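Below is one structure, written out as structure tokens; comments come after it.
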Amino acid sequence: MRKWMNRILAMLFLLFIAVMFLVTMVKEGELYAYGFFKSYKSKLTEDATLFDDLRARISKLEYNTRERLFLKDEMRLLNARFQKLIGKDVYDVGGKDTIRLTNGAFYDMFTQESTDEKMLELIDFSKKLKADKNIDTAFVYCHCGVYEENLLPEKYRVMDGNNAFADRVTETMAASGISVTDSRDAYVRANLAPDQAIMYSDIHWTHRMALETAYDAVINMNKDLGLNLDETALLYDRFTDEVHEKLLLGEIGVRLGENIVPKDDVHVLYPNYETDLIYKSEKDGVITERAGAFEETVVERDKLSLDGENDYSITAYYVYGDYLATLQVVNENAPDKRVLVFKDSYGTPVSAFLTLAAREVVSVDLRSTTLSIEEVVNQVNPDVVVFAYSQQMLRKFDYEIAE
Amino acid sequence: MVFSSNAFLFFFLPIVLGVYYIFRKNRTAANSILTIFSLLFYAWGEPSFVFVMLLSIFINWIFALGIDHYRARTRAAKAILFASCVMNIGLLGVFKYTSFIVTNVNKAFSVSIPDPGLALPIGISFFTFQAMSYVIDVYRGKGEVQKNFMGVCLYISFFPQLIAGPIVRYQTIADEIKNRRETLDDFCTGLRRFLVGFAKKAILANNLALVVDKVFAYPQSEISVALMWYAAIAYLIQVYYDFSGYSDMAIGLGRMFGFHFLENFNYPFLSKSVAEFWRRWHISLTTWFRDYVFFPLGGSRVKTGRLIFNMFVVWSLTGLWHGAEWTYLVWGVGFFLVQVIERLTGVGKHMEKKWYGHIYAMFFVVVVTVLIRSESIGHALNYYKAMFFLGGLPVWNTLTGIFAHEYGLFFAVSIIVSLPVGPWIEKKLHIPEPVSEIVRFLGLAAVTVVAVSYVIVGSYNPFIYFNF
């Protein structure tokens, strides 16, 4: 009996891994090959050795085996359901502790680990920039998730280090002479409700929250650095709020499944006053140029499209641009200032809105360029350097970037 | 590369199985294929270390040939054996212990010798011990010398046991390198064993690792005495499932390719004494030290003082083998002390006859294992103080409740599965074999799916063998 059971089990398992391998190769083989033969180079420095080359290729392959695998989404859902079945409140999917907030939104909790190293690097850079080039630095802290303490179920508050970390970052930065904007202050000032600030299904904040934070950042930079950027251009009242109901199933939604996580409305915000921008973006060597109003240039409506056969979009958060793209936007109607923004996915809509307040905005994600931070600054020669980061960018681990 | 990864499960494994079974009739080709894939497997973690391993294999191959050549001239053979031991221990010492020695010399003598900061090749302790086993077994005539470099290369680098054991003695598989038979039943039994180990690692070990790593990362002021005990017990069980899971996978994979490795664990949590625990835990390591260190030192048929010395050497080395830190050394010495006491006072034999022997043995093992999870002796002492109510911590707090709720099920299942509960139930309830087989089949199929889902979604999957 056992012999036959073993044979059936072996047959099923071998069939499963063979199908996983073959279908993945058929569907994704080209991207695997691209990663192995081309894009691995993004991980190499100029003085890379043969071993560095090998490590980079292996790293790309490893990344692809993690991210591009047949049935990955189905397995995610199955895993989330298993965790729900056994009664867990904190879902551990993809190495993150995800919990349902009291308003029904889902939230990735943050560990309390120290992250001082990257923050101190940023402060040192800011001081050097001021000393060498007399360029000021601003830091826009983009808060993740919980803006009100009672959103997190009470007994789990002890596990979350999000606010404690945010306090330390903003206080340390401010004490170092950097113009700091804390999105938690923008939330209070704009008198928003939690649903207006955080997504139900995504790790990111809402575009409204990004706009309010960008507005506060302009006010703070004007006050602290005497920049004279156009703060009135970012008043919410001067924006059209175009609502796309139940459109987005964000990262957490994809991780846990739409049966567990509700979909999000997406608010596309664009000025209700006349704008005229010259827009240029570059990603992986592909350059896109456009000219016209904000909603025709900066806003990328194709990101609102549905995901294949599904009735939701997984890209709608990126309607203000791909976070890995380098953007250069010129706005002749705005005050004559050049702003360089180093941003992550949270900072991407912030930098998009800043294009309305300054003559020229260049925004770069440092993870997608082989240039050093100094090289970027030398190329752009800005009046101010803005870091628009969520706390993940200041944590110890380095992100791997999707191709 | 680790077994519980997408890269291994869905790419490496189907490819190596496919290629191997196409060429399996040609033994030279089949062995070459296994060797090449084993080197690729190792290179996946760090390509440059492949050369370290190949160098070690090459030198040991030459040493063994030398021993075989001078077999009639005992002194020459002995000299070569000695040289090979020096080389192997030296290699291990350079990579694994240089930093430890330099740091401590600097501290002790207030000097500042620069630490070369050598990275530790993955699994160096395992492959070095296998290499030593090869040369020593050839010297002792317990295995035929491999004239072909590929044979030694396969024995030492064979991917199932390469990075996390078990330490396969040369004499165990010497014959199977050249003459083995792959059968369908062996293959299927091996695959089943692989799946059991995979589920142990992906579901139980990794979820317990979440408890352990989170609790040990919290400031002590935020946790409770109960949570500290919970984490300490969870750590022991995590190590068990991590290690025994890997051993199961290695034994299973070996069998799929026609190799038969010896068992590495035998229900260690049934132990009623610390000595018994080590007869059931990481058996390949304890028997390696017994046969290659303890017996050559004189074993146990010596005067008491010498016996204590022999045991001290073995257990200190066991501690240091696990890691180049004082915590590991003290951990090993802790086991030495309690086993000496068990042996000299008869406590061990007494406990093995009593039910409370379980409590005694597990209590000691849990407590002493905290050492190897701690960053330093000081950290461990603070942990002990708190565990034994000397840290002023509450017995229970909110965080303890959270961990009990979130991971309690994994904790409970882990304990049950670590004991022979299944066979006991089958016997007690007189469950007919076909029924029990179907239940086992369905159970294993279900846990495999869950385990695969954990791996595919990229859940927490620590690799705890970097120190070993």
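The values are calculated or read from the model by the stated rules, or taken from the named source; none is laboratory data. Just so we're clear, the structure is a prediction, and the values are computed from it rather than from any experiment. Ideal geometry is used to build each Cβ from the backbone, glycine not excepted, and the neighbour counts take in all protein chains shown. Keep in mind that these areas ignore ligands, DNA and RNA; they rest on the heavy atoms of the full protein, side chains included. Shrake-Rupley method; radii C 1.70, N 1.55, O 1.52, S 1.80 Å.
Averaging 1/r across all pairs of distinct Cα atoms in the range B:27-68 and inverting the result yields a Kirkwood radius of 11.4 Å. Straight-line cross-link partners of residue B:201 among the aspartates and glutamates, defined as a Cα under 15 Å from its Cα and at least 8 positions apart when in the same chain: B:242, B:248. The residues of the range B:414-462 listed by number as losing at least 50 Å² of accessible area in the complex, against the isolated chain and with a 1.4 Å probe, are B:437, B:441, B:453, B:454, B:456, B:457. Classified by the C-alpha gyration tensor, the range A:218-259 has an oblate form. Its axis ratio a/c, with a ≥ b ≥ c, is 1.5 or above, and a/b does not exceed b/c. At q = 0.09, 0.12 Å⁻¹, what is the log10 ratio I(q)/I(0) for the range B:88-246, with the Debye formula run over Cα points and no solvent? Results for the range B:88-246 at q = 0.09, 0.12 Å⁻¹ read -0.50, -0.82.
Considering only C-alpha atoms, what is the centroid distance from the range B:77-95 to the range B:374-451, in Å? So the separation of the two Cα centres works out to 42 Å. The P(r) of the protein assembly as shown has a tail past 54 Å containing 20 percent of all C-alpha pairs. Please say if the range A:288-392 is rounded, prolate or oblate, where rounded means a/c under 1.5 for a ≥ b ≥ c the square roots of the C-alpha gyration tensor eigenvalues, and otherwise the choice is prolate for a/b larger than b/c and oblate otherwise? It is oblate, given that a/c is not under 1.5 and a/b is not larger than b/c.
Burial of accessible area (probe 1.4 Å, heavy atoms of protein chains only) in the range B:17-46, relative to its chain alone, reaches at least 40 Å² for B:44. Heavy atoms only, probe 1.4 Å: what % of the accessible area of the range A:35-168 goes to carbon and sulfur, would you let me know? On the range A:35-168, the fraction of accessible area on carbon and sulfur atoms equals 52 percent. When the alpha carbon coordinates of chain A are projected onto the principal axes, the ranges are 82, 52, 42 Å, largest first.
Accessible surface for the range B:299-392, divided over its residues, is 51 Å² per residue with a 1.4 Å probe. With a 10 Å cut-off around each Cβ of A:50-57, the average count of Cβ atoms from other chains is 3. Every helix of 4 or more DSSP H residues in chain B counts as -39500 (n - 2.57), and over all residues that averages to -22500 deg cm²/dmol at 222 nm.
Bridging of residue A:27 to aspartates and glutamates at a Cα separation below 15 Å is possible for A:67, A:73, once same-chain residues fewer than 8 apart are set aside. Across the range A:364-370, rounded Karplus estimates of 3J(HN,Hα) from the backbone phi angles (6.51 cos²θ - 1.76 cosθ + 1.60, θ = phi - 60°) give 9, 9, 4, 6, 10, 10, 8 Hz, Gly and Pro being marked x. Within the range A:1-70, the proportion of C-alpha pairs whose separation exceeds 18 Å stands at 53%.
Computed with a 1.4 Å probe over protein heavy atoms only, the accessible surface of chain A comes to 44 Å² per residue.
Between amide H atoms placed 1.01 Å from N, distances below 5 Å from residue A:246 occur with A:265, A:266, all of them 5 or more places distant or on a separate chain. Quick check: from the Cα gyration tensor, does the range A:332-372 come out rounded (a/c under 1.5), prolate or oblate? Because a/c hits 1.5 or more and a/b fails to exceed b/c, the range A:332-372 counts as oblate. At an R0 of 56 angstrom, the distance between the Cβ atoms of residue A:374 and residue A:25 translates into a FRET efficiency of 0.85. Residue B:424 contributes an accessible area of around 150 Å² to the protein surface, as traced by a 1.4 Å probe with all chains present.
What the Kirkwood sum gives for the range B:261-328 is a hydrodynamic radius of 12.9 Å, with every pair of different alpha carbons counted. Ligands, DNA and RNA left out, the accessible area of the range A:266-328 computed with a 1.4 Å probe is 46% carbon and sulfur. For the pair residue A:44 and residue A:273, a Förster radius of 56 Å applied to the C-beta separation gives a FRET efficiency near 0.75, rounded to the nearest 0.05. Accessible area per residue was computed with a 1.4 Å probe on protein heavy atoms; residue A:231 scores about 70 Å². Think of a 1.4 Å ball rolled over the protein heavy atoms: the range B:78-145 then has 46 Å² of accessible area per residue.
A Förster radius of 25 Å, combined with the Cβ-Cβ distance separating residue B:439 from residue A:15, puts the computed FRET efficiency at roughly 0.65. The apolar share of the surface of the range B:6-180, taken as the fraction of accessible area on carbon and sulfur atoms (1.4 Å probe, ligands and nucleic acids excluded), comes to 67 percent.
Using only the alpha-carbon atoms, how far is helix A:116-133 inclined from the longest principal axis of chain A? Give it as 0 to 90 degrees, nearest 10. Long axis of A:116-133 versus the principal axis of chain A: about 30 degrees. Scaled against the 2.2 N^0.38 Å expected of a compact globular protein of N residues, the Cα radius of gyration of the range B:189-235 reads 1.52. On association of chains A and B, roughly 4800 Å² of accessible area becomes buried (total for both chains; probe 1.4 Å). Within straight-line reach of residue B:303, meaning a Cα separation under 28 Å, sit the following lysines at least 8 residues removed in sequence or on another chain: B:78, B:272, B:349, B:353.
Here the Kirkwood formula, the inverse mean of 1/r across different C-alpha pairs, assigns chain B a hydrodynamic radius of 23.8 Å.
Considering protein heavy atoms only and a 1.4 Å probe radius, which residues within the range B:165-197 exhibit an accessible-area decrease of no less than 50 Å² in the full assembly relative to the chain by itself? In the range B:165-197, residues shielded by partner chains: B:185, B:188, B:191, B:192.
Residue ranges A:151-161, B:340-350 sort as A:151-161, B:340-350 when ordered by packing (mean number of other C-beta atoms within 10 Å per residue, highest first). Around the amide H of residue A:203, modelled in the peptide plane, lie the amide H atoms of A:251, A:252, all under 5 Å away and 5 or more residues distant in sequence or on another chain.
Charged neighbours of residue B:198, selected by a Cβ distance under 13 Å, balance to +2 (K, R count +1; D, E count -1). Near residue A:140, the amide H atoms lying under 5 Å from its own belong to A:181, A:387, A:388, A:389; only residues 5 or more places off or on other chains count, and H is placed 1.01 Å from N.
Each residue was assigned an accessible area with a 1.4 Å probe, and for residue B:405 the value is about 80 Å². Here the peptides B:105-113, A:57-65, A:171-179 are ranked by packing, the mean other Cβ count within 10 Å, and the order with the highest first is A:57-65, A:171-179, B:105-113.
Each residue of the range A:72-81 is assigned a 3J(HN,Hα), and the resulting list reads 4, 5, 5, 5, 4, 5, 4, 5, 5, 5 Hz, derived from the Karplus form 6.51 cos²θ - 1.76 cosθ + 1.60 (θ = phi - 60°), x at Gly and Pro. Normalising by residue count, the range A:285-333 has a Cα convex hull of 97 Å³ per residue. Note: the range B:6-180, Cα convex hull, 125 Å³ per residue.
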